[in-house]
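Heads up: the structure comes next, in structure tokens.
Derivation of every value follows stated rules applied to the coordinates shown; laboratory data play no part. Since the structure is predicted, the reported quantities are computational estimates derived from the model, not experimental observations. When we count neighbours, we look across all protein chains shown, and the Cβ atoms used for this are built from the backbone with ideal geometry, even at glycine.
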Amino acid sequence: MATSRVDEEIARLYQLPLPDFTAARNALAKQAGARAAEVKALSKPSLAAWAINQLFWQQREVYDQLIGAAGDLRAAHGAVLAGKPGDVRAAGRSHEETIEAALKATLHLLRQAGQPATDATRQAIATTLRALPGADPPGQLSATLQPGGFEMLAGLPVHGKPVSHAQAKAAPRPVEAARPSKAGAEAEKRAKEAAAEAERAVRLAEHAVRREEFEAARATREAEKAEKAVAAARTALHEAEEALKEAEIVAQSADEAKDAAADRAGAAEAALAKAQTRLRLLRAER
């Protein structure tokens, strides 16, 4: 089987219903030739990873909006670290909104597939959506992901404030007599390095503050949802307790009615026996 065809078939594996993955993968490995071992090593996705794969294959627009918002957020952080204007707060809000939309769409796909969406599965999906894009090809996740912290900014340059050409040209040339000593030059160099490092630390701290603000806002929303769920559960529990009390009263009434009926049946049986005895006596007297 040609390499391109194998790649197409591998992509198709992640579009299949989750229970069909292993059998289809093993069948493909038998036909994959030199890539048989590679195909055989493909792991069956977790339920959360499979659901997000279906978001990519079935609702690409929602998936692409999420990835675009993640890229915008990273670019905004990169601009701030580089000393350029960047609206990190707005980019963060946009990213959170696309995560929420993607989570709803993914859970809907799960329900359509007849798969249970437990709290653990929902949390795993939300966490992975926040961590995208990952290293795996889109639509071919095999496991859930964890969002990065400062790692998401790896490779982004951190610069001090740039000096314009005009500023450099306008700077006075030092005269020979004012040339600093070697020790003074070294001290000035160390001071500049320390200032640059301090500026870099400030920018990283600003980034950390903004990120914590986003996390705090997200945690607040999750806490509000949890409080609503607790309130709903308490209401349901109260209603269930009331229903239980009513059922107990009905059951008690039924038990009392059953006992009364049993008493009446006993009395009726005694009266019947007495009547039958009297009838026999009357017949005997004739």
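Using the Cα gyration tensor of the stretch 38-156, with a ≥ b ≥ c the square roots of its eigenvalues, what is the shape: rounded (a/c below 1.5), prolate (a/b larger than b/c) or oblate (neither)? Here the stretch 38-156 falls in the prolate category.
Ranked by the mean number of other Cβ atoms within 10 Å of their residues, highest first, the peptides 263-272, 123-132 come out as 123-132, 263-272.
Based on every Cα atom in the stretch 1-44, Rg and the maximum pairwise Cα distance Dmax equal 9.4, 27 Å. Ranking N53, A29, L109 by Cα position along the charge dipole of the stretch 1-124, where only Lys, Arg, Asp and Glu carry charges on their C-beta atoms, puts A29 farthest toward the positive end. Placing +1 on the Cβ of every Lys and Arg and -1 on the Cβ of every Asp and Glu, with nothing else charged, gives the stretch 1-44 a dipole about its Cα centre of roughly 140 debye. Here each label is just a point 7 Å from Cα along the line to Cβ, and for E239 and A265 those points are 3.8 nm apart.
When only the Cβ of Lys, Arg, Asp and Glu is charged (+1, +1, -1, -1), the dipole of the stretch 47-149 relative to its Cα centre reaches about 80 debye.
With 0.36 nm allotted per residue and the present C-alpha distance subtracted, the K189-K104 stretch has 25.1 nm of extension available. Determine the distance separating the Cα centre of the stretch 70-119 from the Cα centre of the stretch 8-32; give it in Å without decimals. First find each Cα centre; the distance between them is then 30 Å.
Distance between the pseudo-spin-label points of A131 and A247 (7 Å out from Cα toward the beta carbon): 4.2 nm. When peptides 245-257, 7-19, 66-78, 47-59 are sorted by average Cβ neighbour count within 10 Å, with the highest value leading, the order is 47-59, 66-78, 7-19, 245-257. Compared with the direct C-alpha span, the chain from A79 to L16 gains 18.6 nm at full extension, assuming 0.36 nm per residue.
Report the extension gain between E61 and A34 in nm, rounded to one decimal, defined as 0.36 nm multiplied by the number of residues separating them, less their alpha carbon distance. Each step should come with its number before you reach the end.
Details: separation 27, 0.36 × 27 = 9.72 nm, distance 3.53 nm.
Separation in residues times 0.36 nm, less the Cα-Cα distance, equals 6.2 nm.
Going from the fewest other Cβ atoms within 10 Å to the most, the residues T106, T98 appear in the order T98, T106. Roughly how many Å is it from the Cα centre of the stretch 42-64 to that of the stretch 255-283, as a whole number? Cα centroid to Cα centroid, the span is 74 Å.
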